[in-house]
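Novice: The following block contains the structure, expressed as structure tokens.
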Amino acid sequence: MRIHSRVLLWSSVLFAALVCTILVSARVGPVSIDTGTVVRATINTLAYPSGVSLESTRAGLWGYGLDVPVPDLAYTRPFSLSVDSSDQVIVQELRLPRILLGAIVGFALATAGAVMQGFFRNPMADPSIIGVSSGAAVGAVAVIAFPIAIPFGLQTAAFVGALVAAFGVYLVATEGGRTPVATLLLAGLAIQTFLGAVISYILLYTGDSLEEAILWLMGHLRWSSWGDVEATLPLTAAVFVVLLAYARDLNVMLLGEEDAKTLGIDVEWTKRILLAGASIITAAGVAVAGIIGFVGLIIPHIMRLLVGPDHRILLPTSALAGATFLVAADTIARAGPAEVPVGIVTAAVGAPFFLFLLRKREVHAL
Amino acid sequence: MNGEHGPARDETVVTVENLSHSYGDVSVLDGVDLTVEPGEFVALVGPNGAGKTTLLRSINGILDPDEGEVVLDGTPVGDLSSKAVSRQVATVPQDSHVGFSFTTEQIVEMGRTPHQSRLDWGTDSEPIERALERTATVQFRDRPVDDLSGGERQRVLLARALAQEPSVLVLDEPTASLDINHQIQVLGLVADLVSEGKTAIAAIHDLDLAARFCDRLLLLSDGEIRARGSPESVLTGDALATAFGTTTAVTQNPATGTPTVAAFDERSPVAGRVHVAGGGVSGRRAIRTLWQAGFDLSAGPLPEGDRAVELAAALACPTVTAPPFEPIDDRHRDAAMELAHEADVIVVTDGPGGEAVPETADHSARIRAALGGHSSVGRQPATALGDGGRSPAAGEASADQTVTSVEALLAAVRDCLDSG
């Protein structure tokens, strides 16, 4: 009972914080909108899926290609409170998708960070450690540099690139059905370095779209759309549930693989699930928002100070705190006269705070 | 509970059949057989690399052996899921580095893992409380295990194992890094659990501790069982020499009444047989010094119960003992003299029994020794008597010598042998 009520309590508090942050964030922008209007416009935006249709999307290379059918959801909006129509458009079409996508990406990155730190028993671990971010970057930069047309374009390429890189690292590090964690770490490092070279090489040929590529690599939420939200939300939620189901196994894995085996854990299988889950959830986030650093590293550390090391409570609280943090950081990123990529804000805010914790000896080792 | 226990006692809990395993080309276990009865505390002893840990890792199902099998209550371990094995066998590791500062209670709770389904986050509080109380870890249930001392942490790991509610406990060097007080605390606790019905198999480095707490010892070396049985029957000079490749003296620890083993550095035997007559401190020191120097020894007469007798027995020297606290009769004296005649040198000490050696010269060189230091108060100062005429040189060398230190004793013995 104790663990249940603690999870519930912490999650409720953090969820409330997230909702508040979202509402405040929706007020901020070139046009300032008061909270009441934001709340009404948000309620008007609430929708449930009411039908599916298939739409064709052109897929191919250099003008050659074929039409690929892609499912498209139709939504019904049950509420229509009175809101000024321009405010409604600003909140519904410009701000909410971006804020929600930020929340989902922050949720995903912090979850993956908590899992990776536990998995590697290493405080430096973050979602990019097994090459997911570098793989995504190769896919994204390739699409920006070369005229490749695939459904959802850049996002698909980044997502696939991320998973291919992570799977490649896994294959390299696995021998005879066993994947030693240290080998995985080193293989991840080597493949990251190699993919870094590939990215740099592609960047030489991006020409006019160099700025777009650079912005993507810095992490941004500028081009967020409801489509991105639709794609990432179910995937992130589903993977999160699986990872949460393995939270207790992850706790036991922290005792060391040998001890975990004597407690009845199927260690290699659990490692595969955790790696796959963390990779997919990171790939989903990176594909839509580029490489946003530090969320996956510092949020789990901070939450571990507050709630302790038990992953049953650490995973949900880190996820919600990560969502709140990224929404807040993106609000800062777009609040100034010139928008900056959110990755710059998370690193600029996160790194000093992390150093502060480090100096206070709050964060030292696992 | 008792009703179930009665018939189960007759069953074998753990059977190891013809177990062999190699790491690469290196064979670590070679045809090991072992049967452990319920309610037994079995210690695996032997040198590093003997295969103790590999045997334990086969029993708890971590390792899949190359040949042979381990059977738990009638079912081969290989046929059981790791979860099913861990409901029957709980493992206490040497020392766990636990990351992320879990509390004692959280660690013990992890012992419930094999009993719970993945989505069951309930905390089976009853077995956890029992385990915390049984191991006296309940007072630091909310403290991070990283803050605990080594002995306390070992008890937490034992509590985690108890929370698994296993019938068999497997312990891999549970006391290797502990202070002596914690060593006996942990092993005493395990022994208590065994007397309450658990079965325990432990690799224990310290032979004395193994002998003190375990019912049965299994001496392993080079992947084979060299001896098995009660501590007294396993801890013998011969078996230990085979297993460890060094000489040992096994005596009875006066405080615990269990065997205690002292190992000696490589002893290179030298030519020469020395007989020591008379016990006490002098006799004991003379025997130890001469034995370590590599001489072939015999002893007697020595009073029964004298500490020199214990040492002579531990070093496997032929010894004649006589009833204590009374003059030594002719029969015992003659028997001792028979041994003495075969020796090249006789050392007569100022300890009990020494006075029985006749003053008449025989063909052996003779040295008197008083090695007790201040403890020989009241005794006549010893003099070294010359050889009875075989060699004048020897007689001169040892004449009128008073041997009062072990160095002088060794020098005198070597002189006698050189000239003889």
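Novice: Please identify the pairs in which a residue from the stretch B:327-350 that is without any contact (Cβ under 8 Å) to a residue 60 or more places away in the chain has its Cβ atom under 9 Å from the Cβ atom of a residue that is assigned to a helix (DSSP H, G or I) and surrounded by fewer than 18 Cβ atoms within 10 Å (Cβ to Cβ), counting only partners at least 6 apart or on another chain.
Specialist: B:PRO327/B:GLU355; B:ILE328/B:GLU355
Novice: Continuing with the same structure: Scan A:LEU217, A:LEU243 and give me the residue that is in contact with a Ser or Thr (Cβ under 8 Å, 6 or more places away or on another chain), part of a helix (DSSP H, G or I) and not polar (S, T, N, Q). Outline the logic, then answer.
Specialist: Numbers: A:LEU217 fails: in contact with a Ser or Thr (Cβ under 8 Å, 6 or more places away or on another chain).
That would be A:LEU243, the only listed residue that is in contact with a Ser or Thr (Cβ under 8 Å, 6 or more places away or on another chain), part of a helix (DSSP H, G or I) and not polar (S, T, N, Q).
Novice: Still on this model: Could you tell me whether A:ALA74 is surrounded by 11 or more Cβ atoms within 10 Å (Cβ to Cβ) and at pLDDT 80 or above?
Specialist: Values: surrounded by 11 or more Cβ atoms within 10 Å (Cβ to Cβ): no; at pLDDT 80 or above: yes.
For A:ALA74, the condition - surrounded by 11 or more Cβ atoms within 10 Å (Cβ to Cβ) and at pLDDT 80 or above - is not met.
Novice: A follow-up question, please. Got at least one residue in the stretch B:331-353 being of a type in the set (Lys, Arg), modelled with pLDDT of 85 or more and in the same structural domain as B:ARG284 (by TED's automatic domain parsing)? Can you show your working first?
Specialist: Going residue by residue through the stretch B:331-353, those that are of a type in the set (Lys, Arg) are B:331, B:333.
Right, trim to modelled with pLDDT of 85 or more and you get B:331, B:333.
Now restrict to residues that are in the same structural domain as B:ARG284 (by TED's automatic domain parsing): B:331, B:333.
Yes.
Novice: What pairs come out if I take residues in the stretch B:75-92 that are within 18 Å of B:SER117 (Cβ to Cβ) and in contact (Cβ under 8 Å) with a residue 60 or more places away in the chain and pair them with residues that are in a helix (DSSP H, G or I) and not acidic (Asp, Glu) whose C-beta lies under 7 Å away, six or more apart or interchain?
Specialist: Final answer for the pair search is B:SER86/A:THR262; B:SER86/B:PRO114; B:ARG87/B:PRO114; B:ARG87/B:HIS115.
Novice: Do we find a residue being assigned to a helix (DSSP H, G or I), at pLDDT below 90 and within 14 Å of chain B (Cβ to nearest Cβ) anywhere in the stretch A:169-177?
Specialist: No, the stretch A:169-177 contains no residue that is assigned to a helix (DSSP H, G or I), at pLDDT below 90 and within 14 Å of chain B (Cβ to nearest Cβ).
Novice: Just name the residue that is modelled with the lowest pLDDT out of those in the stretch B:83-108 that are part of a loop (DSSP other than H, G, I, E, B) and not β-branched (Val, Ile, Thr). Quick ask: steps written out before the conclusion?
Specialist: Our first condition is that a residue be part of a loop (DSSP other than H, G, I, E, B); within the stretch B:83-108, this holds for B:93-98, B:102.
Pick out the ones that are also not β-branched (Val, Ile, Thr) and you get B:93-97, B:102.
Working: B:PRO93: 88, B:GLN94: 81, B:ASP95: 71, B:SER96: 62, B:HIS97: 66, B:PHE102: 89.
For the stretch B:83-108, the residue satisfying everything is B:SER96.
Each row is one residue, and each column tells you yes or no for (1) closer than 20 Å to A:PRO309 by Cα; (2) in contact with a Cys (Cβ under 9 Å, 6 or more places away or on another chain); (3) surrounded by fewer than 17 Cβ atoms within 10 Å (Cβ to Cβ); (4) at pLDDT below 90.
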{"residue": "A:LEU210", "(1), (2), (3), (4)": "no, no, yes, yes"}
{"residue": "A:HIS220", "(1), (2), (3), (4)": "no, no, no, yes"}
{"residue": "A:SER224", "(1), (2), (3), (4)": "no, no, no, yes"}
{"residue": "A:ALA237", "(1), (2), (3), (4)": "no, no, yes, no"}
{"residue": "A:PHE240", "(1), (2), (3), (4)": "yes, no, no, no"}
{"residue": "A:TYR246", "(1), (2), (3), (4)": "yes, no, no, no"}
{"residue": "A:LEU250", "(1), (2), (3), (4)": "yes, no, no, no"}
{"residue": "A:ALA260", "(1), (2), (3), (4)": "yes, no, no, no"}
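Novice: Right, here's the next one. Restricting attention to the stretch B:243-270, and to residues there that are among the hydroxyl-bearing types (Ser, Thr, Tyr) and not in a loop (DSSP other than H, G, I, E, B), which single residue is modelled with the lowest pLDDT? Steps first, answer last, please.
Specialist: Our first condition is that a residue be among the hydroxyl-bearing types (Ser, Thr, Tyr); within the stretch B:243-270, this holds for B:246-248, B:251, B:256, B:258, B:260, B:268.
Going one step further and asking which of them are not in a loop (DSSP other than H, G, I, E, B), we end up with B:247-248, B:251, B:260.
Working: B:THR247: 80, B:THR248: 84, B:THR251: 83, B:THR260: 89.
Of everything passing the filter in the stretch B:243-270, B:THR247 is modelled with the lowest pLDDT.
Novice: Any idea which of (1) in contact (Cβ under 8 Å) with a residue 24 or more places away in the chain; (2) surrounded by 22 or more Cβ atoms within 10 Å (Cβ to Cβ); (3) more than 18 Å from A:ILE99 (Cα to Cα) is the one A:LEU215 doesn't satisfy?
Specialist: (2)
Novice: Please list, ordered by first then second residue, the pairs with beta carbon atoms under 7 Å, 6 or more apart or interchain, first in the stretch A:1-28 and within 14 Å of chain B (Cβ to nearest Cβ), second outside any helix (DSSP H, G or I) and β-branched (Val, Ile, Thr).
Specialist: As it stands, the answer is A:ARG2/B:THR123; A:ILE3/B:THR123, since those pairs meet every condition given.
Novice: So, one more: Against the condition crowded, with 17+ Cβ neighbours inside 10 Å and more than 21 Å from A:ILE22 (Cα to Cα), how does A:ILE299 come out, does it pass? Outline the logic, then answer.
Specialist: Numbers: crowded, with 17+ Cβ neighbours inside 10 Å: yes; more than 21 Å from A:ILE22 (Cα to Cα): no.
No, not satisfied.
Novice: I've got another one for you. Quick check on my filter: what residues within the stretch A:246-260 are under 26 Å from A:LEU8 (Cβ atoms) and in a helix (DSSP H, G or I)? Spell out the reasoning first.
Specialist: Going through the stretch A:246-260, the residues under 26 Å from A:LEU8 (Cβ atoms) turn out to be A:246-254.
A:ALA247, A:ARG248, A:ASP249, A:LEU250, A:ASN251, A:VAL252, A:MET253 - these are the residues of the stretch A:246-260 that are under 26 Å from A:LEU8 (Cβ atoms) and in a helix (DSSP H, G or I).
Novice: Additional query: Identify, by number, the condition in (1) crowded, with 23+ Cβ neighbours inside 10 Å; (2) in contact with a helix residue (DSSP H, G or I) (Cβ under 7 Å, 6 or more places away or on another chain); (3) away from chain A (no Cβ under 14 Å) that B:LYS52 doesn't meet.
Specialist: Going through the list (1) crowded, with 23+ Cβ neighbours inside 10 Å; (2) in contact with a helix residue (DSSP H, G or I) (Cβ under 7 Å, 6 or more places away or on another chain); (3) away from chain A (no Cβ under 14 Å), B:LYS52 breaks only (2).
Novice: So, in the stretch B:95-145, of the ones that are under 32 Å from the mean Cα position of the chain (by Cα) and surrounded by fewer than 17 Cβ atoms within 10 Å (Cβ to Cβ), which residue ends up nearest to B:LEU189 (Cα to Cα)?
Specialist: Among them, the one singled out is B:ALA136.
Novice: Pick from the stretch A:218-271 the residues that are aromatic (Phe, Trp, Tyr) and in contact (Cβ under 8 Å) with a residue 40 or more places away in the chain: which of them is farthest from the other protein chains (Cβ to nearest Cβ)? Give the derivation first.
Specialist: Initial filter on the stretch A:218-271 (aromatic (Phe, Trp, Tyr)): A:223, A:226, A:240, A:246, A:269.
The next check asks that each one be in contact (Cβ under 8 Å) with a residue 40 or more places away in the chain; those that pass are A:226, A:240.
Numbers: A:TRP226: 33, A:PHE240: 14 Å.
Among those that are aromatic (Phe, Trp, Tyr) and in contact (Cβ under 8 Å) with a residue 40 or more places away in the chain, it is A:TRP226.
The values are calculated or read from the model by the stated rules, or taken from the named source; none is laboratory data. None of these values were measured; they are calculated from a predicted model. Ideal geometry is used to build each Cβ from the backbone, glycine not excepted, and the neighbour counts take in all protein chains shown.
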